[in-house]
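Q: Got a structure here, written out as C-alpha cells. Questions coming.
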Amino acid sequence: MTDFLIYSSYLILLINLIVYSYSFFRKEKANVFFVSYLAFSFVLQISMEIIYFLRLNNLFLVNIFFIGQMILLGLFYNSLFHLKAQKTFVKATLIIALLILSVQFVIDSSQFLKFNLFEITLTSLLIVVYALLHFYNMLTENKEYYYISVGLVFYLLASTVLFLVGNLSSGLSDDLKFLSWQLNAFLLIIYYLIILFEWIKSFTKIKFLKG
C-alpha cells in the first residue's frame, strides 16, 4: 500500500512537471521558480528512491530537498510579491535560515546525514509564512496561485506534525511511525493533485460548474 502511494505521488508529480513546463515554455505563463521547484522535487525524489533501492543512506538528499524546497518556494513567493518590504522579508529570512542551518551543520556535521527535525520544521514553517503573506495580498489582488498556496499550507503543516510524531514516537511504537509515513504519502498525493487542479483552473480553458 505504501509503495502504491509513493509511486502514485511520483507519477502525479511528473504530470505536474510536464504540464507546468508546457505552460512555461509554450505559453509563457507558468512561474519559472515554481517550474524549477517541480523539476527539483522530481529529480530529488527519484534520486532518493534509487539510493534507497541500492540500500544506501539517502538522508543527505532529504536534507538537500528541504533546503532546496525552502529556497525555490521562497523565490517563488518573492516573485509574486509587489511590496518592497515583503520582498526584503523573504530574502532576509532565507539568508538567516540558511545561516542557522549552516552553523548547525558546522557544529555537528552528522546532522546532514540524519533525519533533521529542526531543519524540516524551520524550512516548512518559513514557507507557510510566505504563503500566508500571499493570502493576505490576495485580499486586494488577483488570486494568483491560490490553490497551490492552500495545498502548501495544508500539506506542510500536516506533514511537519506527522514527521514530529513519527520520529518522536518511534521508540514507543513502530506501527505508529509507519502509519505516519503512510499518511504523509497520502497527503503528498493530495498536495500534488491540488497543484494539478491549479494548472487546470488557471492555465486551461476548462470551466467548472458552480453549485
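Q: Residues in the range 57-82 that are modelled with pLDDT of 95 or more and not in a helix (DSSP H, G or I): how many?
A: Residues flagged as modelled with pLDDT of 95 or more and not in a helix (DSSP H, G or I) within the range 57-82 amount to 1.
Q: Another one. For the range 33-54, which residues satisfy the criterion of being surrounded by fewer than 12 Cβ atoms within 10 Å (Cβ to Cβ) and either touching a residue at least 40 places away in the same chain (Cβ under 8 Å) or part of a loop (DSSP other than H, G, I, E, B) (or both)?
A: Passing the criteria: only L54.
Q: In the set L17, L73, L5, which member is crowded, with 19+ Cβ neighbours inside 10 Å, touching a residue at least 60 places away in the same chain (Cβ under 8 Å) and not charged (D, E, K, R)?
A: Just a single option satisfies the conditions, and that option is L73.
Q: While we're here: Going by the conditions given, is S102 open to solvent by 40 Å² or more (accessible area, probe 1.4 Å), at pLDDT below 95 and not hydrophobic (A, V, I, L, M, F, W, C)?
A: Considered against the rule, which asks whether it is open to solvent by 40 Å² or more (accessible area, probe 1.4 Å), at pLDDT below 95 and not hydrophobic (A, V, I, L, M, F, W, C), S102 comes out as no.
Q: Is the range 6-23 home to any residue that is in a helix (DSSP H, G or I), at pLDDT 95 or above, farther than 21 Å from Y147 by Cα and within 18 Å of the chain's Cα centre (by Cα)?
A: Checked the range 6-23: no residue is in a helix (DSSP H, G or I), at pLDDT 95 or above, farther than 21 Å from Y147 by Cα and within 18 Å of the chain's Cα centre (by Cα).
Q: Take the residues in the range 55-70 that are without any contact (Cβ under 8 Å) to a residue 24 or more places away in the chain and closer than 25 Å to L99 by Cα, then tell me which one is surrounded by the fewest Cβ atoms within 10 Å (Cβ to Cβ).
A: Within the range 55-70, the match that is surrounded by the fewest Cβ atoms within 10 Å (Cβ to Cβ) is I64.
The values are calculated or read from the model by the stated rules, or taken from the named source; none is laboratory data. Everything quoted here is computed from the prediction, not taken from an experiment. Virtual Cβ from ideal backbone geometry, glycine too; neighbours counted across all protein chains shown. When the accessible area is computed, the model is the full protein with side chains, heavy atoms only, and any ligands, DNA or RNA have been set aside. Shrake-Rupley method; radii C 1.70, N 1.55, O 1.52, S 1.80 Å.
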